[in-house]
Protein chains: 2
Amino acid sequence: MSSNATDMLTVTQAAEARRSIRKYEPAPIPRADLEEILRVTGLAPSPWNLQPWRFVIVEDADTKAKLQAAAYGQPQVGAAPAVIVMYSDMTNTLETIEETIHPGMPDHAKAATDIRTTFANMSENDRHAWGFAEANIALGFLLLTAQAHGYSTSSMLGFVPDTVKTLLDLPADARIPALIAIGRGAEDGFPHHRHGLERIARFV
Amino acid sequence: MSSNATDMLTVTQAAEARRSIRKYEPAPIPRADLEEILRVTGLAPSPWNLQPWRFVIVEDADTKAKLQAAAYGQPQVGAAPAVIVMYSDMTNTLETIEETIHPGMPDHAKAATDIRTTFANMSENDRHAWGFAEANIALGFLLLTAQAHGYSTSSMLGFVPDTVKTLLDLPADARIPALIAIGRGAEDGFPHHRHGLERIARFV
């Protein structure tokens, strides 16, 4: 299978084409495509450029079977050629701030101290919730980017986090926004049925 | 000013072009463009199709000045022709489940009961955190969609939530992922400086 690591859809086309897909063609995804999708995902906005998101891409059949068990047996985990486990890791993020501070910042040492102080003043839960929220924004990027490259996805919230962490050797304090099944879709999925804008938006 | 409510960028182009922009041209955004950006945002994935996100689009100068004060005076709130206050509202979402259940579902009454039971078994905080996470995914959609339509954004986390809620008459239990300044950018912004993929992704 050849790689096609350029996308083909506008943002609107990708949003309209995206469905939650549970059936997939079994062919593996070219590594270059997965890498490109994750590279673009990593361009999501990030206050202080912290980029707290991390990814484990599960393609190994045995590991995928164990992941499926941790996801209450959801069939798309087994059916998709790859499942991306996305998580936020604020501990690693804050330990390695020096890697992420933007070169355009005038005083890197002061910036690192200021950022660490800001997070030290939060509760541990709030600190991890902060990274989790940022990772969810990036998840929006991931789903659109995959679709634009011709890949369907299913973003799953049903799983046992501690089992997933143990299986993949993730940090105990990682937060997992979703498991994302990804591959060439083998079903159409449900058409969108969404609120009209007048129901959810107000102009003042 | 004419509206141009079709987007022009692929997902990758939009992700690469997006920067956090603090200076804007003052011209108002055509209503059709704002509506189209929010329509596409509303296509974000949503378990059970619940769509817990809501939007107040602030264009009125006086209200925008008060919003800027609630956002610690951040200049982009005043500079942008519009600021989108995005929030999740799980109370309204759960009260009106019947509006969102997909027509393809076989038994709407049972589905509504099952969903309400699931959320009733969560703590109040977890329930609102769930809606907040979903809204953050949609925020990723919003930022890419705006960029694809030629609009720059700045997604701001620095604000006093209770003051924003009072100003805009939002529900007390709303959760606000961000205030989003939007308009035609009048600066270039910082170029991206991101982790290499080998730093944040692992294949198994």
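Within the range A:13-41, how many residues turn out to be facing chain B (nearest Cβ under 10 Å), farther than 30 Å from A:ASP173 by Cα and surrounded by fewer than 23 Cβ atoms within 10 Å (Cβ to Cβ)? Break it down into steps so the answer makes sense when it comes.
Looking only at the range A:13-41, we keep the residues that are facing chain B (nearest Cβ under 10 Å), and these are A:13-20, A:31, A:34-41.
Still in the running and farther than 30 Å from A:ASP173 by Cα: A:13-19.
The next check asks that each one be surrounded by fewer than 23 Cβ atoms within 10 Å (Cβ to Cβ); those that pass are A:13, A:16-17, A:19.
Residues that pass the stated criteria total 4.
Any residue in the range B:35-42 that is in a loop (DSSP other than H, G, I, E, B) and under 17 Å from the mean Cα position of the chain (by Cα)? Break it down into steps so the answer makes sense when it comes.
As a first pass, look at the range B:35-42 and keep what is in a loop (DSSP other than H, G, I, E, B): B:42.
From what's left, under 17 Å from the mean Cα position of the chain (by Cα): B:42.
Looking for residues that are in a loop (DSSP other than H, G, I, E, B) and under 17 Å from the mean Cα position of the chain (by Cα), one finds at least one in the range B:35-42, hence yes.
Would you confirm whether or not the range A:131-144 contains a residue that is more than 9 Å from chain B (Cβ to nearest Cβ), out of contact with any strand residue (DSSP E or B) (no Cβ under 8 Å at 6 or more places or on another chain) and at pLDDT 95 or above? Walk me through how you get there before you give the answer.
First, the residues of the range A:131-144 that are more than 9 Å from chain B (Cβ to nearest Cβ): A:131.
Those still in the list that are out of contact with any strand residue (DSSP E or B) (no Cβ under 8 Å at 6 or more places or on another chain) too: none.
There is no residue in the range A:131-144 that is more than 9 Å from chain B (Cβ to nearest Cβ), out of contact with any strand residue (DSSP E or B) (no Cβ under 8 Å at 6 or more places or on another chain) and at pLDDT 95 or above.
With (1) crowded, with 16+ Cβ neighbours inside 10 Å; (2) more than 30 Å from B:MET8 (Cα to Cα) as the list, and A:LEU50 as the residue in question, which single condition is left unmet?
Failing condition for A:LEU50: (2).
Please count how many residues of the range B:55-81 are farther than 25 Å from A:THR153 by Cβ and either hydrophobic (A, V, I, L, M, F, W, C) or under 18 Å from the mean Cα position of the chain (by Cα) (or both). Write out each step before concluding.
From the range B:55-81, those farther than 25 Å from A:THR153 by Cβ are B:56-81; that's our starting set.
Remaining after also requiring either hydrophobic (A, V, I, L, M, F, W, C) or under 18 Å from the mean Cα position of the chain (by Cα) (or both): B:56-59, B:61, B:64-65, B:67-71, B:76-77, B:79-81.
Result for the range B:55-81: 17.
Quick one: which helices (runs of 4 or more DSSP H) lie wholly within the range B:56-160 and hold at least 1 residues that are in contact (Cβ under 8 Å) with a residue 60 or more places away in the chain, surrounded by 16 or more Cβ atoms within 10 Å (Cβ to Cβ) and among the acidic types (Asp, Glu)?
Values: elements: B:61-70, B:75-79, B:90-95, B:97-100, B:108-120, B:124-148.
Where helices (runs of 4 or more DSSP H) fall fully within the range B:56-160 and carry at least 1 residues being in contact (Cβ under 8 Å) with a residue 60 or more places away in the chain, surrounded by 16 or more Cβ atoms within 10 Å (Cβ to Cβ) and among the acidic types (Asp, Glu), they are B:124-148.
For the range A:157-180, give me the residue count where each residue is in contact with a Ser or Thr (Cβ under 9 Å, 6 or more places away or on another chain) and within 12 Å of another protein chain (Cβ to nearest Cβ).
7
Please verify whether A:MET86 is more than 12 Å from chain B (Cβ to nearest Cβ) and touching a strand residue (DSSP E or B) at 6+ places or on another chain (Cβ under 9 Å), treating the condition exactly as stated. Can you show your working first?
Details: more than 12 Å from chain B (Cβ to nearest Cβ): no; touching a strand residue (DSSP E or B) at 6+ places or on another chain (Cβ under 9 Å): yes.
Here the answer is no, as A:MET86 does not meet what is asked.
Return yes or no: is A:PRO106 more than 8 Å from chain B (Cβ to nearest Cβ), out of contact with any Asp or Glu (no Cβ under 7 Å at 6 or more places or on another chain) and farther than 27 Å from B:SER88 by Cβ?
Yes: the conditions hold for A:PRO106.
Would you please list the contacts, defined by Cβ atoms under 9 Å and residues six or more apart or on different chains, that run from a residue in the range A:42-53 that is facing chain B (nearest Cβ under 7 Å) and aliphatic (A, V, I, L, M) to a residue that is in a helix (DSSP H, G or I) and surrounded by fewer than 23 Cβ atoms within 10 Å (Cβ to Cβ)?
Here the result reads A:LEU43/B:GLU16, each pair linking the range A:42-53 to a residue that is in a helix (DSSP H, G or I) and surrounded by fewer than 23 Cβ atoms within 10 Å (Cβ to Cβ).
Could you list all residues from the range B:11-34 that are of a type outside the set (A, V, I, L, M, F, W, C), touching a residue at least 24 places away in the same chain (Cβ under 8 Å) and under 17 Å from B:LEU144 (Cβ atoms)?
B:GLN13, B:GLU16, B:ARG18, B:ARG19, B:SER20, B:ASP33 - these are the residues of the range B:11-34 that are of a type outside the set (A, V, I, L, M, F, W, C), touching a residue at least 24 places away in the same chain (Cβ under 8 Å) and under 17 Å from B:LEU144 (Cβ atoms).
The values are calculated or read from the model by the stated rules, or taken from the named source; none is laboratory data. The structure displayed is predicted, hence computed values, not measured ones. Neighbour counts are summed over all protein chains in view; Cβ atoms, including those assigned to glycine, are modelled from backbone coordinates with ideal geometry.
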